[in-house]
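So the structure is just underneath, and the comments pick up after that.
The values are calculated or read from the model by the stated rules, or taken from the named source; none is laboratory data. For clarity, every value in this text was computed on a predicted model and none was experimentally measured. No Cβ is skipped: glycine too gets one built from the backbone with ideal geometry, and neighbour counts run over all protein chains shown.
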Amino acid sequence: MAKLELTKSIEARRLNPRTKVPTNEYHTIPFGGIIDNLVEQGDVLQFAYLGEFFQYPKDDLKVASRPIAPVS
């Protein structure tokens, strides 16, 4: 499973934990945060951070993150 490390802080939109529908709440995910469970939904990516689900524009997230290399 792909994991990304943020190279800058982002303001991501929180998703309802059961339905994955966007809410009106935004949460700051800090520089260095590790996100996983990436799911592409049109022009946004849904992901998990510390057990909660968020979404952020796909193009902006690609600029604000880098992949974490798997440990062998």
Query raised in the report: With respect to the numbered conditions (1) hydrophobic (A, V, I, L, M, F, W, C); (2) at negative phi; (3) loosely packed, with under 11 Cβ neighbours inside 10 Å, which one is the sole condition not fulfilled by I35?
Result: (3)
Query raised in the report: In this structure, is R18 out of contact with any helix residue (DSSP H, G or I) (no Cβ under 6 Å at 6 or more places or on another chain) and outside any loop (DSSP other than H, G, I, E, B)?
Result: no
Query raised in the report: Which ones in segment 48-72 are surrounded by 12 or more Cβ atoms within 10 Å (Cβ to Cβ) and either farther than 19 Å from T7 by Cβ or in contact (Cβ under 8 Å) with a residue 40 or more places away in the chain (or both)?
Result: E52, F53, F54, Q55, Y56, D60, L61, A64, S65, I68
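Residues are listed down the side, and each one gets a yes or a no for (1) assigned to a strand (DSSP E or B); (2) modelled with pLDDT under 95; (3) over 9 Å from the mean Cα position of the chain (by Cα):
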| residue | (1), (2), (3) |
| --- | --- |
| E40 | yes, yes, yes |
| A48 | yes, no, no |
| F53 | yes, no, no |
| Y56 | yes, no, no |
| K62 | no, yes, yes |
| V71 | no, yes, yes |
Requested in this report: Within segment 1-20, track down each residue that is farther than 11 Å from L61 by Cα, at pLDDT 95 or above and aliphatic (A, V, I, L, M).
Outcome: L15
Report summary line: Taking segment 4-24 and keeping residues surrounded by 11 or more Cβ atoms within 10 Å (Cβ to Cβ) and acidic (D, E) leaves E5
